[in-house]
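S.K.: One structure, pasted below without further comment.
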Amino acid sequence: LALGDACRLLGHPFEYEHPEVWALLDRAVTLGRRHGVVVSANNGFAFADWDAMIQRAKRLHDRGVQMVMLQTPEFLLQVACRTVVDGVRRLVG
């Protein structure tokens, strides 16, 4: 499931935790189980720190998603660089 697209189609752009988005995901998991189909979903780009990404993947897994796709390497690199730059700014101003 491309949850970014699903969020937009449901009228909740980047609101990955919106109840309507979860309802869509739950329905897909139910149908997937019924028909023997592996359900895969992406983590989304609204989670911009390591802990948020990890916790989001856990929530997806807990809801029945069997394969969680993490963000792209470029996005992960951007988060890493931002984390370092923000840390340096805090220390040196």
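Read the figures in this text as sums done on the coordinates, not as results from a lab. Bear in mind the structure is a predicted one, so any value in this text is a computation, not a measurement. All Cβ positions, even for glycine, are placed from backbone atoms using ideal geometry, and neighbour counts span all protein chains on display.
S.K.: Ignoring everything except DSSP H segments at least 4 long, calculate the 222 nm mean residue ellipticity for the chain; use -39,500 (n - 2.57) per segment, divide by total residues, nearest 500.
M.R.: Result for the chain, helices only: -20000 deg cm²/dmol.
S.K.: Shape call for segment 1-61 from the C-alpha gyration tensor, a ≥ b ≥ c root eigenvalues: rounded (a/c under 1.5), prolate (a/b greater than b/c) or oblate?
M.R.: It is oblate, given that a/c is not under 1.5 and a/b is not larger than b/c.
S.K.: Now for a different question. Counting only the backbone N, which residues of segment 59-80 are under 12 Å from the spot 7 Å out from the Cα of ASP26 toward its beta-carbon?
M.R.: 63-64
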